[in-house]
Amino acid sequence: MNILNSDILNIDVNQKTINSVIYFNGVGIHSGKAVNMKLIPAQENFGIIFKRVDLEKDNLIKVDVNNIEDSRFCSKLKNNKGVFVSTIEHLLATLHALDINNLLIEINSSELPAMDGSSNEFTNKINEIGIKIQKIPKKIVKIQKTISVKLGERFIKVDPSASLSFTVKINYPNTLIGKDKYCYTHNKHNFLNEICYARTFCMSKDVTKLRAYGYGLGGNLNNAIVVDENKLLNSSGLRCKQEFVKHKVLDCVGDFYMCGLPIIGKFHASEPGHELNNKLLKKIFKNKDNFKIEESNSFQPYFPMQNNILTNINVA
Ligand SMILES: [Zn+2]
């Protein structure tokens with residue numbers, strides 16, 4: 001893989017789209033429905049917009065904090081006519097990492113294809129097709145204050161910072177997953193090397209419950225890690241050490257792009273989930289003193305050159 005310095009440092013200041021159309025097809029992990037999706041390059045200042053081509057009207061849903069719809073098991077956006085698109089987090093994580101700012105996403109279902117349960121296939125295909133640097137500077141969101149959200153024992157907070165980073169802790173009673181912690185500094189290089197391939201996971205005891213509520217209908221061992229008591233049901237094992245906590249980081253990278261602009265802040269989370277992430281993002285945007293939107297050419301990035309491996313402690 002040929003990685004340029006600009007990829008490592010995320011110092012490109014201009015907006016970006018993809019070079020040409022990309023097709024994906026698969027099954028929605030919750031709906032179980034077959035879905036076709038088409039990523040189409042878009043002009044400057046277009047933003048990222050989903051178009052539900054299975055519907056004739058009111059079918060545009062912009063990636064925007066005002067369109068975030070509360071959801072527990074996946075991330076969901078809904079327009080003001082009630083039309084929604086869900087399980088967007090793994091594609092948004094890829095777009096956040098590859099710094100894609102303008103894109104039209106045509107989809108013929110309400111849920112994105114699960115692919116392999118990670119961001120791997122989205123990332124590989126976009127990298128293959130290539131990224132087009134556009135003529136206008138991109139905008140970024142800079143956190144100005146410490147803001148936090150707590151839900152029982154779980155919490156997430158963000159502090160102002162010169163770069164985007166996530167420190168995520170998980171704590172599962174199950175000893176196979178157990179306690180773990182991961183410190184991740186966000187840029188394309190670290191995303192490709194550490195995060196993008198980490199798959200979603202669930203407990204086999206929860207599968208029946210989820211399905212009773214209409215979730216997980218398309219889930220299987222090809223698009224999720226399933227843990228039964230303290231045993232992994234996937235015969236191929238884990239893809240890497242710390243895959244569970246890395247997937248939680250991946251979800252955060254996707255969820256915090258739901259405002260439609262790259263975000264700069266230092267996040268700390270204990271047992272995060274989509275619900276908590278969505279609440280924090282909405283709270284940030286509720287008060288104009290919490291953030292500043294800047295053109296990226298006025299932004300001096302912090303150069304996170306340290307190797308993340310050195311900063312990670314496996315507490316499991
Ligand atoms: Zn996920």
What distance in nm separates the simple spin-label points at Asn230 and Asn80, each placed 7 Å from Cα in the Cβ direction? 5.5
Give me the percent relative contact order of region 13-311, please, defined on Cα pairs under 8 angstrom at least 6 residues apart. 26
Hey, what did region 63-217 get for relative contact order, percent, Cα under 8 Å, at least 6 apart? 17
Out of all DSSP beta bridges with both ends in the chain, state the antiparallel percent to the nearest 5. 75
Would you kindly derive the ³J(HN,Hα) couplings of region 41-50 from the backbone phi angles with the Karplus curve 6.51 cos²θ - 1.76 cosθ + 1.60 (θ = phi - 60°), listing them in order in whole Hz, with x for Gly and Pro? x, 9, 6, 4, 6, 6, x, 10, 10, 8
Report the full-extension gain for the segment Lys33 to Ser20: residue separation times 0.36 nm, less the Cα-Cα distance, to one decimal in nm. 2.0 nm
Quickly estimate the mean residue ellipticity at 222 nm for the chain, helices only: each DSSP H run with n ≥ 4 gives -39500 (n - 2.57), and the total goes over all residues, rounded to 500. -6000 deg cm²/dmol
Candidate lysines - alpha carbon under 20 Å from Lys181, same-chain residues fewer than 8 apart omitted: Lys150, Lys157, Lys169, Lys241, Lys246, Lys248, Lys266
Sum of side-chain charges, Lys169 neighbourhood, beta-carbon under 12 Å (Lys, Arg +1; Asp, Glu -1): +1
At q = 0.13 Å⁻¹, the log10 of I(q)/I(0) for the chain from a Debye sum over equal Cα scatterers comes to -0.93
Counting only DSSP beta bridges fully inside region 169-271, the antiparallel percentage to nearest 5 is 55
May I ask you to list, by number, the DSSP H helices of the chain whose Cα span along the axis is at least 15 Å and whose average Kyte-Doolittle hydropathy reaches -0.5 or more? 243-255
Loop only by DSSP, 12 or fewer other Cβ within 10 Å of the Cβ. Give me the GluC sites (Glu not before Pro) in region 170-244 that pass, ordered by residue number. Glu229
So, relative contact order of region 151-195 in percent, Cα under 8 Å, 6 or more apart, is 31
For Gln134, which sequence-distant residues (separation of 5 or more, or a different chain) have an amide H within less than 5 Å of its own amide H, given hydrogens modelled in the peptide plane? Gln15, Lys16, Thr17
In debye, nearest 20, what is the charge dipole magnitude of the chain about its Cα centre with +1 on Lys and Arg Cβ and -1 on Asp and Glu Cβ, if you could check? 600
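Taken together, the values in this text are just the output of simple stated rules run on the coordinates, not laboratory data. Everything quoted here is computed from the prediction, not taken from an experiment. Here Cβ is always computed from backbone atoms with ideal geometry, including for glycine, and neighbour counts include all displayed protein chains.
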